[in-house]
1. Can you find even one residue in segment 316-323 that is within 27 Å of residue 360 (Cα to Cα) and in contact with a strand residue (DSSP E or B) (Cβ under 8 Å, 6 or more places away or on another chain)?
2. From the list 251, 270, exactly one residue is under 23 Å from residue 336 (Cβ atoms) and modelled with pLDDT of 95 or more. Which is it?
3. Of all residues in segment 56-92, count the ones that are under 23 Å from residue 241 (Cα atoms) and without any contact (Cβ under 8 Å) to a residue 12 or more places away in the chain.
4. Sort out which residues of segment 311-333 are assigned to a strand (DSSP E or B) and under 23 Å from residue 239 (Cβ atoms), and write them in order of number.
5. Can you pull out the residues in segment 73-86 that are in contact with a helix residue (DSSP H, G or I) (Cβ under 8 Å, 6 or more places away or on another chain), over 11 Å from residue 226 (Cα atoms) and in a loop (DSSP other than H, G, I, E, B)?
6. Please state which one of 185, 130 is touching a strand residue (DSSP E or B) at 6+ places or on another chain (Cβ under 7 Å), over 30 Å from residue 46 (Cβ atoms) and in contact (Cβ under 8 Å) with a residue 24 or more places away in the chain.
7. Hey, does segment 481-495 have a residue that's at pLDDT 70 or above, buried (at least 16 other Cβ atoms within 10 Å of the Cβ) and part of a loop (DSSP other than H, G, I, E, B)?
8. Quick one: which strands (runs of 3 or more DSSP E) sit completely within segment 117-161 and have at least 2 residues that are under 30 Å from residue 79 (Cα atoms) and under 17 Å from the mean Cα position of the chain (by Cα)?
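The values are calculated or read from the model by the stated rules, or taken from the named source; none is laboratory data. Since this is a predicted model, take the numbers as computed values, not measurements. Cβ placement follows ideal geometry from the backbone for every residue including glycine, while neighbour counts extend to all protein chains displayed.
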């Protein structure tokens, strides 16, 4: 498969914070412990091995075996779960919401980055074992973010979820109503062996399983089980009991708020946009009916927008008896993950890494090792036909990522048989007015304002002439302009990165399992470049 790459900065889709992190800018060194390089994992392994508790490891394996009991699993998954019993086994984790039918393409990239890093770690540190883990965001309650996927430019949306949608954890939601989505998807996906597989995958996941957690686990296992991916639902009382001391600290000492708020101030002072602002209490109260914020007022604790309340003594009693009811929010979930897993590295997108970077001092306060943070792989998938079209249009890979109006303007200027750039004329005009300024200063300085006004007027007139000429050339070169726009719209749906819009099924129906195997082969998690992968023949 032909592959190319460009730097993340050249894509114009990544924040200054992430670009500075990737370049190891010194201003950010205090916000993380170790940069993601193979040699830096040696110390990370040592630190995690010395801190991770054996009783949690034992319980983790018990919970995973329980969660997999009704699922057909590969030898690789069974071996990895068994390996987690050993003190020499560590995890690499990515997390993702329970998006309908996996959501956008980057779901695949996250998991493939995670699997491939464990392979590289095993080669570098053969005395240890490394398990790729997908942390399902079962406790998230933002239903509107996950209830759709895009295929062939169409939005397939789950409209008939149960009445709990948006009120409690999405993992609890019944899959009722997804038979309607299946009918539409089944008609859209077409015929052939790959289409049949996708239909079967959707049907078995959503029509043969009762809730969204089980359905998502089924899909992820079907796609990546043979690579040893272990899938965890951390919404479990056995696991949460090990997080009780940290929840007590959250309720009593507000450690996450105090430490993260300071980090947020330092980030803002460096000029970075803040991803998430911490709350004083970063916990939700979770039942099958609700997931609502816990707030404190005048020494009492309340569940937001409900009649539920406790004294401090009572809420700590509730915590000990029902730890599963205390659900960490985005600022506290990373700590929960690192407490219950023997984890070395978290792999996420730019937005995720941005809020993780706010947490390092909080982890230090809780005496929990901060994981290595790795930006997931990003890629643009194109056909050989599209690549050839790009070459015929004389568009470079870098230009392909420009905003569409910039790309079209640049190409029209380049292919036009007349000069649309009035820069030299404008420069000549500026020089003429410089002489007039000198003359005005020698005669009457009150004349300077009139000279300046005339200069501005004439330069603006030149700009307008240039724009009108460019517009006229666009009309004249209409066919070329339309081909440029058409190509970019195919590769950047909704004028966004393909990986943030398009569902994997759009490519799987054409390339089948080769899609995943080629991505596994060509995505290197430690290579800090944006990949362009070309499928098929011209």
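1. yes
2. Unique residue meeting the criteria: 251.
3. Adding up the residues that qualify gives 2.
4. 326, 327, 328
5. 84, 85, listed by residue number.
6. Result of the check over 185, 130: 185.
7. yes
8. It comes to 129-136.
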